[in-house]
Each structure stands twice: as C-alpha cells, then as structure tokens.
Amino acid sequence: MLFTLSRCSSPGSGSSSRALNRTFFNPSFHVNVKSSTSRITLRPSPSSFLLRRSLTYSSSSRSLIDHKPSSASNISQKDASVPHPSIITEIVHPQSPPPPPATATPTSTSPSAEVSPPAPKSILDKLPKWASPAKPYLALTRIDKPIGSLLLFWPCTWSITMASTVLHLPPSVPLFYISLFGLGALIMRGAGCTINDMWDANMDAKVERTKTRPIAAGDVTQFQALTFLGVQLSAGLAVLTQLNWYSIALGASSLSLVVLYPFMKRITYYPQVVFGATFNWGVFLGWSAVAGVVDWTITAPLYVGGIAWGIAYDMIYAHQDKYDDVKAGVKSMALRFPDNSRTVISVLNTTFISLLTLTGHLAGLGPLYYLISVGSAASHLAWQTMTVNFDNRLDCWKKFCSNGYLGGLIWLGIAADYVQQVLLAVPA
C-alpha cells in the first residue's frame, strides 16, 4: 500500500508526499524506507505508545509490487477502473458455500426451497426377481397408485346404482356392471397413463416428481410403450364388448379425450377442464350400460358437476409441480390462478354440491342420498378447501387422494337409497 500510494506523487514533491502520508496514515508514525534492503520499519514517534511492528518483504515479493517511483501519468484510467481479480472472482463468480453437515436441518421456509419427501416403498418393490422385467410396465400403469383408478371408477358406480334405483333393477344388475366397470377403470386408467407418459417424456424428465417414470428415465422406450399400449387397449376393448352397442360406441368416443388431455397441457392453462370431462365420462357410460340408452336429463347435471369436482381436485394435484412446471413449460390452472386457487376451488366445489342436489331431485332419490352423499361431500370438500396447503407437496397429495374416499361416500348414499327404494320397497 505504501509503495502504491507513493506512485501518486511526482518526483521531488516532498512536501506533497509528506502531506499525503499525514492524510492517509496515522500521524504518530514515522516511516523509514531503506532502499538497500527489503525491510520496512514502522517506528512510533516519541509521543505514541503503540507496539512496534516490522513487516519484512521477501525479495521475491518485489516482483509483485513495483518499488520504483513513477509519475501519476504512468497510472492510466484503465488501471484505476479495473478491480482486483479477486474482487471479480468473489462478486461475478462467487464461490459456492461449503455444503452443510449431514445432520444439519434446512432453515428455509420458502415454498420453492421445499424438498420433496422420499418416495415411499410401493408394492412394485416387493416383486420377486423373476418378475422384475415386468416392473417398468407395471410402473407405467401406476398400478401401485390406485387413486387414479378410483377417481375414474366412482362416477361409473354413481350412474349404475342411480339407474338401477330409477328402473328398480335386481341387485345382480348393479353388482355385475360395477365389477365390470371396476376392471375397465383399472385397465383404461393404465392406458391413459401410458399415453400421457409417451406425450410427456421430455417434460417429465425436467420435473422432480416425475423424472423417475419409466419412459422419462429410459427404462421403457417409446416403441415398447406403444406396443404395451396396444395390449392395454385390446384388454379395454374386451371389457367394452361386454356392453350393448350403444355403450360400445359411447365408450369408444371417450378415447379422443384421453389422447387430447396431455396435448392440452402445452397450449392452454385449462387442461383440467379436459381432465374432468375425461374422468367423468363414466356417468354416461354407466347409465347406458344398465338402461340401454342415456337419460340425459339426469346424467347431464351429474356429469357437469363431476367435471367441476375433477377440475378442483386436479388443481390441487397440479400445485405439487407448479415450480417445476414453469421450467418444463407445462401449463395448468394452478399457474393460471396462483394466488386465487382457493377461491376458484371453492366455487367449483359449490357447483358440484349444487348439481349433486339437483341430480338427486331429478332422479327422485330420498333423504338418505341427501344426508350421506350430499351432506358428507359438502363437509369433506369444505374441510379440504379450507385446510389444503398449496405450498406443501405432501399435503397437496394427501388432499388429492382424499377424493378417493369422497367418491365412495357419494356412492354409499346412492346405494343406501337403492336399498331403501328397491330392496325394502320403501318409497323415498
């Protein structure tokens, strides 16, 4: 520092140099510089009682610091404006802080900093070794996560049981079709997952929660997935052919929605609308399977209400991946309404409950339906809407999965009314 500042004075300006020294240094120090050695001694004046310090510079350090006096004209503006390389390193390219110890707990409460909990063990991890080649394909169907199959299955059971009540059919009819539709829901939900993963392979690889899916992880190729999809659709067709021709045509028409849904996530912030329309198509199909044709007067409000319900719970589901979806280019209503999701979901759930009530009135259902189906659904959805934490992935997943129980409660009320009106012959 002494040598650098000495270059700022011109030769022969002793008084200016001394003034500069008095300005920038402690006036109680006298500096003696001996040019014949590399030793600089800072000696306190008689009026000071500071400690003596000696700074010894090795001869090699003289190559780094120029001791030759120079004029101010030798320091260019460029030299003065360029910071020291260490400053550039620390500001422009800062070093990463050392990693925290293994026992440290994260202190950040920012939603974006939240780390997903480790995936729990699934039934696929318990497969024997001889069945390991089938594991990627079973994972592709999400058979270890039955919530999707349940959400596809429940609207079918609503309309099957409701039609059986209206037409006063024997118990064997709803039992047979509920069993058949349960198998169909399991197969077609798996086929829908395969189609979705084939579409979204590149996007899934960018999202933390989905990057381990078989196609995104490279465990299954696109061609293998396409071949497996052919097997799934063939099995679904085998189930569909057990129905009447009207229902076969109606069921086949739903495939357009299944294929369309993954594409909608790329072009609109409202893919949940298509999702709701797809997952509640069973309202029409279940009624036509039992009655031969669809009673649009009863099923239309139930279908629209089911769409509202599907949009609501899929919005909760979408909040799990909202930070990754921005990077991956995936659109959803969770991103369209980031600050108003609770309000939107409240309106959707209110619409669902209102249309459930209207459907019961149009179908002539009794008080058990309103008490169990409508009342339980209203209470559950109110709890779900008020307590869901949109910034907590685990809570979003739990609230989403709770809709599987909700669908069962709604069916239970319809089934209780069927027992009352058909089996016990007690009018509503």
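The values are calculated or read from the model by the stated rules, or taken from the named source; none is laboratory data. What you are looking at is a predicted structure, and each value in this text was computed from that prediction instead of being measured. Here the Cβ is made from the backbone with ideal geometry for all residues, glycine too, and neighbour counts use every protein chain on show. For accessibility, only protein heavy atoms count, side chains too; no ligands or nucleic acids. Shrake-Rupley method; radii C 1.70, N 1.55, O 1.52, S 1.80 Å.
Structure data summary
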{"item": "Cross-link pairs beyond the 27 Å C-alpha cut-off, checked among Lys129/Lys399; Lys129/Lys322; Lys265/Lys398; Lys135/Lys206; Lys135/Lys211; Lys135/Lys322", "result": "Lys129/Lys399; Lys129/Lys322; Lys135/Lys322"}
{"item": "Relative contact order (percent, whole number), the range 282-410, Cα cutoff 8 Å, 6+ residue spacing", "result": "30 percent"}
{"item": "C-alpha center-to-center spacing [the range 197-212, the range 266-332] in angstrom", "result": "21 Å"}
{"item": "Å² per residue, accessible surface of the range 117-210 at 1.4 Å", "result": "49 Å²"}
{"item": "Percent accessible area from carbon and sulfur atoms, the range 245-356, protein chains only, probe 1.4 Å", "result": "68 percent"}
{"item": "Amide proton proximity set for Leu169, modelled H, under 5 Å, gap of 5+", "result": "none"}
{"item": "Integer Hz, Karplus 6.51/-1.76/1.60 couplings in order for the range 194-203, x for Gly and Pro", "result": "5, 4, 4, 6, 5, 5, 9, 4, 5, 5"}
{"item": "Positive-end extreme of charge dipole, the range 293-384 - chosen from Gly366, Leu302, Ile345 (charges on Cβ)", "result": "Ile345"}
{"item": "Calculated FRET efficiency for the pair Phe337/Ser379, C-beta based, R₀ 30 Å, to 0.05", "result": "0.80"}
{"item": "Equivalent ellipsoid, the range 143-229 (semi-axes from 5 times Cα gyration tensor eigenvalues, Å)", "result": "36, 12, 9"}
{"item": "Surface/4 of the Cα convex hull for the range 120-189, nm²", "result": "5.8 nm²"}
{"item": "Mean Cα-pair separation over length for the range 229-316, i.e. relative contact order, pairs under 8 Å, 6 or more apart, %", "result": "29 percent"}
{"item": "Accessible heavy-atom area order of Asp204, Asp391, highest first, probe of 1.4 Å", "result": "Asp391, Asp204"}
{"item": "Length released on extending from Lys206 to Tyr246, taking residue separation times 0.36 nm less the Cα-Cα span", "result": "10.2 nm"}
